[in-house]
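Input: a single structure, listed below in structure tokens.
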Amino acid sequence: MGCGLSRQDDGGGGGPPRRKQGSVGDVVVFLPGLRTPRSVDFSSQARLHKAAVERLSALRARVVDMAMQESAAALKPRRKTSARQGSSTANLLQALEDYLPLLLGLVKEGGELRHSVQFVWTNQEDNAEETAMADAWYEVLSVLHLMAMVCLLQANSLLLPRAYGDGYGPRVSEESRRATVDVFLKAAGYLDCAIRQVLPQIPSELRRQLPVDLAEGNLKALSLQALGQGVDMQLGLAIDSPKATLAVKRRLACEMVKYWNQIQENIPELTASDGWGKKHLLFVKWKYVEAKAAAYYFHGLILDEGNSEKSHGMAIAALQASEEFLKESKRASEAFHATSPTSRSPTPFGTAKYLFDKIPKDASSKVRINQDLYTQERVIGAPPPLPDFSLALTPEDYDLPPLDPLWNKEDGHQ
């Protein structure tokens, strides 16, 4: 293939072992750990100009150092302030954004440098501990993936309860939830760019040997997850707004169901025995059934506004379905957090808090109020189908940046 592919399995050499145990602390937003780059030596490439070698070496070394620090910090269960983590992740994202335009000089059309350097990255969900490829497009793909994961890390930090010194307990502010929607869209944009502009540059035979972390289905699933969790934030804000109608809330909840259903369709086959793969699958299951609980709840409330016996019967069936999905989501959440690397569930807020407060009460009260209208058979019947809405949230527009001026000025190579 001429790509210099190598894969280091778990338990082998090639650097410190991947940590599988321990805790990752409070988790609201899932990301399968951080893939981190290993050091490479650009100075051995005679075809690279000295200035290019120095810039590439300096920028990539900065990325390696910061990514290793952030990855290690993410595996420490101690609670960190949002300001501290927000600063460190912003710095890593900036380092990756600085590195990418220079890196693209290695893959410019007609260039001879694409296969000149072997790039090595650790994996999180693949069976191989790390993957090395002598293809600069693999490096570009890995950089975009890491940029997206850093955004998800930022989103998780924003959604952890904070104390504001105003006499009230720790909480997730409306400002943080609104800001997180933009972060989710940015993460989806990086992943969408990887799918559209980078994967097609990698030959199909080599693409099949990418780690599962970078498989097209996984990139698509993570992009959809970002959008789905963005809609979750929008629904929570709508729930808190007296101006938002039931129809608006139902539409957002139904969109969430659609996003998580598409995630299930796209996510590749992951190792389900332990580790990040199993945790990833459990997260998808948890959020999918939680979205169904919300959708059937609001659908049931709207149906209950009807005047016919049929609409009331369908409302009860929908509300009972929401209660069952809520119970299932609680079990899935507990299984997710208990799976290694273990995690904690912070105090519920937004959509989740509302559902836990409202669904058990409303489902039972509606049954009692309409008890004389329905037989037991109808009450436990299949819930009515959910309405089908088009998906409103899309990834932020993001394209690969222009080449660093260094390549235009000195052509980058001897």
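Please treat every number below as a calculation from the coordinates, not as lab data. Quick caveat, the model's predicted, so the values are computed rather than measured. Note that we place each Cβ from the backbone using ideal geometry, even for glycine, and neighbour counts take in every protein chain shown.
With n ≥ 4 as the cut-off for DSSP H runs, can you work out [θ] at 222 nm for the chain, using -39500 (n - 2.57) per run divided by the number of residues, rounded to the nearest 500?
So the calculated ellipticity at 222 nm is -19000 deg cm²/dmol.
Taking 2.2 N^0.38 Å as the expected size of a compact globular protein, what ratio does the Cα radius of gyration of region 213-289 give against it, to two decimals?
Its radius of gyration relative to the 2.2 N^0.38 Å reference: 1.24.
Taking 0.36 nm per residue of sequence separation and subtracting the Cα-Cα distance, how much length would be gained by fully extending the chain between Ser44 and Ile369, in nm to one decimal?
Length gained between Ser44 and Ile369: 109.1 nm.
Subtracting the Cα-Cα distance from 0.36 nm times the residue separation, let me have the gained length for Ser311 to Arg331 in nm, one decimal.
4.2 nm
Over all pairs of distinct alpha carbons, what does the Kirkwood formula give as the hydrodynamic radius of region 267-356, in Å?
It works out to 14.4 Å.
Dipole magnitude of the chain about its Cα centre, charges +1 at Lys/Arg Cβ and -1 at Asp/Glu Cβ only, in debye to the nearest 20?
1040
Can you compute the FRET efficiency between Gln209 and Glu174 using 1/(1 + (r/R0)^6), with r the Cβ-Cβ distance and R0 = 45 Å? Round to the nearest 0.05.
0.50
By how many degrees, between 0 and 90 and to the nearest 10, does the Cα long axis of helix 50-74 differ from the longest principal axis of the chain?
30
Calculate the spin-label point distance for Ser340 paired with Val64, positioning each point 7 Å from the Cα along the beta-carbon direction, and give it in nanometres.
About 2.9 nm separates the two model spin labels.
For region 119-231, what size does the Cα cloud have along each of its three principal axes, sorted from largest down, in whole Å?
59, 26, 19
Treat the chain as a sphere of radius equal to its Kirkwood radius over Cα pairs and apply Stokes-Einstein at 10 °C in a medium of 1.306 mPa s; give the translational diffusion coefficient in µm²/s, rounded to a whole number.
Translational D for this selection: 69 µm²/s.
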